[in-house]
Amino acid sequence: LFLAVCAVGIGGTFQYGYNVSIINAPTQHIHRFLNETWTSRHHKELSPDLLTLLWSVIASVFSLGGLCGAFIGGSMAIRLGRKGALLMNNIVAILASILMGISFPTGLFELLIVGRFLIGINSGIGICVQPLYIGEVAPKHLRGGMAMGTSIFLTGGILTGQIIGLREFLGGETYWPLLLSSSCFPAFAQLLFLPWFPESPRYLLIDRGDELSCAKALKRFHGSSEYGREMEDIQRERSALDGEEPKKPWQLFSDRGVRWQLITVIVMTMGQQLSGINAIYFYATYIFEQAGISAEKIPYVTLGTGACECLTALTCVSKNYVGRRYLIIGGYLLMTLWSIVLTFSLTYQELYSWAPYVSMASIFAFILSFGLGPGSGITNTLTAELFVQSSRPAAYMIGGTISWISFFTIGMLFPFIVNGLKHYCFLVFLLECSLVAAFVFLVIPETKNKSFLEIKKEFHKLNFGRNT
């Protein structure tokens, strides 16, 4: 089971984290490449406005690709299987790496845009299908701990991208095309290791009706002596579904039986993206400068933020013992607290010499709190747990689509929020975090150590009233 999590993670959420991270290091080199290419074609320099536009397209087309990937990921998981969809997804990543790698020697920045779009599609599919596979192969008592693989590989990808992007490695002017094309290595790794593992047993039995292959997969994952209970659980879910076909995303919106599950996924997904973590990373450089850290050393200090989030993900397997509900409420409440502290410390940054150090401590505390709650993979765990087999792929498509739209929206609006409110922007995120914590407290039941059918019964009371 552990090796299966690693095999799906390296080509799944690791790719997302890695490709979000590596684009920051070569920013100036790509600007220079765009200028030189434009000058050689048109014999005049690129205007600053057009340069900003081209760079914005290169940076943001990734999220557009991710949106497309999220939209087709569920359909691929149904048609090709969870494992088949992940394997096929690596072809997209390899093609994207080739296009980004040859953009500089060919002098075609358009290939860079296409490559970023394709790697966005790869990330969108990976984020959709990876937690779907993990959620379906995990026994219910290990589901929370195994789902941490999603968060661990995502934060590991961010940290790896930050390290590889340092000028001592591939972040220098000479090697930046290699940096952008290096995402082919996780794809090759998954193509090498994932074929050794079985397809999702739930998919094999419920969607394909292949009882023999399901039994073989369960024995491989859970052992010959332990697989019986999982087999019975899958058969009960299959009987409850009574041959129900996989649903389309739009069918979930009209199904009263999953109304509150769907609302939960939408609120949790939006809450994760709009929680203020992007503002924290935006303000990190400014705060480090105020604390007296030289500009040359700031990239190395910024590694600490990535390491901090990665460490939290690694140590957050305690979620399996504490429960999803308490951890996510606690994470959002702590983020609310650190937003207050950070707002005060930034307000008095110029007046007191100790204020920048309080701000630095608040940044790391906020990131730890994010990793404890919304960033710990709980959202993906809940999406797997709140829906039965026929609705699960469609739920992941909806959750992924909401996530990428929120990611794109915050990327577009965030500069205006910061320019308008300055450090008071954290008051907006404070309100958002406290509202999500209240929603979780009032609506979401604990799902730890419960089967998918038991969780469905819990939500039945919300969807149809207490007396039904």
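Quick look at the numbers
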read-out: Any hit, the stretch 318-340, residues being more than 30 Å from Gly126 (Cβ to Cβ), open to solvent by less than 10 Å² (accessible area, probe 1.4 Å), modelled with pLDDT of 85 or more and part of a helix (DSSP H, G or I); value: yes
read-out: Scan of the stretch 168-190 for residues that are charged (D, E, K, R) and either free of Cβ contacts under 8 Å to residues at least 12 places away in the same chain or under 28 Å from Met88 (Cα atoms) (or both), ordered by number; value: Glu168
read-out: Residue tally, condition within 22 Å of Ala437 (Cβ to Cβ) and open to solvent by less than 50 Å² (accessible area, probe 1.4 Å), over the stretch 346-371; value: 8
read-out: Test: residue in the stretch 53-61 that is of a type outside the set (A, V, I, L, M, F, W, C), closer than 30 Å to Leu191 by Cβ, crowded, with 23+ Cβ neighbours inside 10 Å and assigned by the TED database to the domain that holds Phe153; value: no
read-out: Single unsatisfied condition, Ser275 versus (1) within 30 Å of Glu432 (Cα to Cα); (2) assigned to a helix (DSSP H, G or I); value: (2)
read-out: Unmet requirement for Pro246, which otherwise passes all of (1) part of a helix (DSSP H, G or I); (2) touching a residue at least 40 places away in the same chain (Cβ under 8 Å); (3) surrounded by 17 or more Cβ atoms within 10 Å (Cβ to Cβ); value: (1)
read-out: Enumerated helices (runs of 4 or more DSSP H) restricted to the stretch 367-461, each holding at least 1 residues that are more than 23 Å from Ile329 (Cα to Cα); value: 392-421
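Residues are listed down the side, and each one gets a yes or a no for (1) crowded, with 17+ Cβ neighbours inside 10 Å; (2) aliphatic (A, V, I, L, M):
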{"position": "Gln15", "(1), (2)": "yes, no"}
{"position": "Leu46", "(1), (2)": "yes, yes"}
{"position": "Val92", "(1), (2)": "yes, yes"}
{"position": "Ile98", "(1), (2)": "no, yes"}
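Condition check ((1) over 30 Å from Arg208 (Cα atoms); (2) in contact with a Leu (Cβ under 9 Å, 6 or more places away or on another chain)) across all residues:
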| position | (1), (2) |
| --- | --- |
| Leu53 | yes, no |
| Cys68 | no, no |
| Ile72 | no, no |
| Ile78 | no, no |
| Leu86 | no, yes |
| Ala96 | yes, yes |
| Gly107 | yes, no |
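The values are calculated or read from the model by the stated rules, or taken from the named source; none is laboratory data. Just so you know, these numbers come straight off a predicted model, no measurement behind them. Note that we place each Cβ from the backbone using ideal geometry, even for glycine, and neighbour counts take in every protein chain shown. With ligands, DNA and RNA removed, areas are computed over all heavy atoms of the protein, side chains included. Shrake-Rupley method; radii C 1.70, N 1.55, O 1.52, S 1.80 Å.
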